[in-house]
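First comes the structure, then the notes that go with it.
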Amino acid sequence: MKQAMLQKYGDLAAKVGANVQPDQAVIVQGPVEAAPLIREVVRAAYDAGAKEVQVFYRDDVVSREHLLRQDVETLETIPDWMVASRMYYVEKGACFISVIAPDPDSLTGVDPEKIKRQSRAMQAKTKALSDYLMANHGQWTIVAMPSDAWAKKVFPQLKLEDAKTELWNQIFKTVRIEADNDPVQAWEDHNTRLQRRCAILNAMNLKALRYHNAIGTDFTIELVDKHRWAGGSEHTTKGVVFNPNMPTEEVFTMPYKFGANGKVVATKPLNYNGKLIDGFWLQFEKGKVVDYGAKEEVEMLKMLVEMDEGSAYLGEVALVPYHSPISESGLIFYNTLFDENASCHLALGRAYPMNVQGGTSMTPEQLEQAGANFSLTHVDFMIGSEDLSITGILPDGQEVAIFRQGDFVIE
C-alpha cells in the first residue's frame with residue numbers, strides 16, 4: 001500500500017468525512033488492525049486544527065474470547081467508565097471517526113444468546129451517545145480498511161497479500177480516491193448529484209412506495225408526513241457539513257412506523273454481530289415483522305427482530321440504483337457499509353430524526369407522534385435487484401414510477 005494513498009484517505013476521513021473544526025475534540029475508534037489508517041486520520045485531524053485527538057482501540061480477537069469465556073451476567077455489566085470516557089467528549093462537542101477492519105466470520109461458534117444479551121446491554125448503556133450522533137448534534141463518519149480475514153472473505157481465490165491489495169483498490173475506488181485526483185472535489189461533485197436526487201423526491205411529497213421483483217418482494221411502505229429525503233453530506237444542528245458514510249450512494253428517508261405491509265426478500269447477506277445471515281426474508285403487517293426465515297443463521301435473524309420492541313419495525317427506507325459503482329463491481333463485501341451502497345435497502349430499528357421536517361429539535365414524544373420508530377438498534381439489510389420496480393404513490397392516490405429495472409427513472 002502506497003503511503004501517499006493512505007495519507008489521502010486519512011485527509012478525506014478527517015477533512016471531508018468528519019470535517020474536523022478548529023479547536024474541536026476528535027474521537028477515533030477502531031480495531032488494532034486498523035492502526036496504519038488510524039494514525040493517518042489522527043495526523044489529518046490535527047492538520048485540520050483539532051485541539052485534541054483521542055484514540056480508542058479494540059481487539060476483536062480479545063472481544064471474541066470475552067464472549068466465549070465470560071458468563072452472561074458479566075457480559076451484561078457495562079462499566080460506567082467505558083461510557084463516561086465517550087460522554088466526556090460528547091459534552092465537549094467532539095466529532096467521532098470510526099475506522100473498521102472487519103472479520104465477517106469473527107463470531108462464528110459463539111452462543112447467539114450471549115451476543116444478543118451483551119449487544120442489548122451495550123446499546124442501552126450508550127443510548128445518550130447514540131442520540132448525539134443519530135440526531136446530528138455532532139459530526140461523525142465511518143471509513144474502512146482491509147483486515148486479513150475480510151480480504152480473504154471477499155477474494156478467496158487470491159493469495160492473502162494479493163487479496164488485501166485488491167480490497168484496498170476497491171475501497172479507494174468506492175471512496176473516490178485515485179493517485180492523481182482531488183478526492184475532496186470528487187466528493188463535492190458526488191454530493192451535488194445525490195442532493196439533486198433528494199430535491200426531486202422531496203418535491204413529490206410521496207405518500208408511500210410499492211416494491212416488486214421476481215424473487216418474491218411484494219411490499220408497500222408508507223412514509224411519514226413531512227418526511228425529508230437525505231443523501232451524501234449532512235449538517236449538524238450547528239450547521240457543520242459532514243459525510244457520515246464513506247462510501248455512500250444512497251438517498252434515504254423515514255418510513256411511517258405502522259405503514260409497512262408485505263414481503264421483502266434480501267438480495268445480499270447481512271453481517272450482524274459477526275455472523276452472516278443469508279437467504280432471508282421478512283413479512284410485515286401494519287409495520288411489524290410477523291414472520292421471517294433464513295437459509296443461514298436464522299437464530300441471529302430472530303435475535304435482531306426480537307432485540308427490543310422497535311427492532312421489529314422499520315426506521316429507514318433507502319434508494320440506491322442497481323447500476324451504481326459498488327454494485328457494478330460485482331462483489332459482495334460482506335459488510336453493510338459497502339453492501340448497502342450497492343442496493344436499495346431498509347433498516348430495522350431506530351429512525352433518524354433528520355428525516356422528518358424539524359425532527360432534530362423534536363422531543364421523543366413529538367417524534368413518536370410523527371410516526372418515527374424507536375429502538376436501541378439500527379440495522380440495514382439489502383433488497384435491491386436488477387429487476388426491482390418501485391412505484392411512488394402521491395397524496396392524491398396517483399402513481400408515479402420511481403425505479404424500473406433496478407434504476408431511477410425520475411432524473
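Nothing in this text is a laboratory measurement; each read-out follows from the coordinates by a stated rule. Since the model is a prediction, treat every value here as computed from it, not as a measurement. All Cβ positions, even for glycine, are placed from backbone atoms using ideal geometry, and neighbour counts span all protein chains on display.
Going through the cross-link list K51/K152; K51/K114; K15/K257; K15/K173; K263/K302; K116/K295, which pairs have a Cα-Cα distance over 28 Å in this structure? Spell out each step's value before the answer.
Working: K51/K152 38 Å; K51/K114 39 Å; K15/K257 35 Å; K15/K173 18 Å; K263/K302 16 Å; K116/K295 20 Å.
Cα-Cα > 28 Å for K51/K152; K51/K114; K15/K257; rest within.
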Rounded, prolate or oblate: which fits segment 124-282, taking a ≥ b ≥ c as square roots of the Cα gyration tensor eigenvalues, rounded meaning a/c under 1.5, else prolate when a/b beats b/c?
oblate
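Kirkwood Rh, the chain, all Cα pairs: how many Å?
That comes to 21.7 Å for the chain.
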Taking 0.36 nm per residue of sequence separation and subtracting the Cα-Cα distance, how much length would be gained by fully extending the chain between V241 and T77, in nm to one decimal?
55.4 nm
Of every Cα-Cα pair in segment 3-174, the percent that sits beyond 21 Å
55 percent
Using just the Cα positions, wrap segment 299-408 in a convex hull and report its mean projected area in square nanometres, one decimal place.
8.5 nm²
Choice from K159, K263, K288 showing the highest fluctuation, given a GNM over the chain with Cα pairs closer than 10 Å:
K159
Using Cα-Cα distances under 8 Å and only pairs 6 or more residues apart, what relative contact order does segment 3-174 have, in percent?
25 percent
Apply the membrane-span-like helix rule to the chain: whole DSSP H runs, Cα extent along the own long axis of at least 27 Å, mean Kyte-Doolittle hydropathy at least -1.0. List the helices found.
183-204
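Over segment 197-332, what number does the Rg to Rh ratio reach, with both radii from the alpha-carbon atoms and Rh per Kirkwood?
Computed over Cα atoms, the ratio is 0.97.
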If one builds a Gaussian network model of the chain from Cα atoms under 10 Å apart, the most fluctuating residue listed among L160, L367, L346 is L160
Round to the nearest 0.05 the FRET efficiency obtained for Q369 and Q398 when R0 = 30 Å and r is the Cβ-Cβ distance.
0.65
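How much mean residue ellipticity at 222 nm does the chain get from its helices, if each DSSP H run of length 4 or more adds -39500 (n - 2.57) and you divide by all residues, to the nearest 500 deg cm²/dmol?
Details: 14 runs with 137 residues, N = 411.
Taking each H run of at least 4 residues, the total per residue is -9500 deg cm²/dmol.
Taking loop as defined by DSSP and a crowding limit of 12 other beta carbons within 10 Å, which GluC sites (Glu not before Pro) in segment 72-120 fit? Could you put the intermediate results ahead of the total?
Working: sites: E73, E76, E91, E113; in loops: E76, E91.
Passing both the DSSP loop test and the Cβ count: E91.
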Out of the trypsin sites (Lys or Arg not before Pro) in segment 290-372, which ones are loop residues according to DSSP with at most 13 other C-beta atoms within 10 Å?
K295
Selected from I97, I115, I78 as most flexible by GNM, with the chain as the system and alpha-carbon contacts under 10 Å
I78
For S329 and V62, compute 0.36 nm times the residue count separating them, minus their Cα-Cα distance, and round to one decimal in nm.
92.8 nm
Between segment 375-411 and segment 234-271, the Cα center-to-center distance that results, in Å:
13 Å
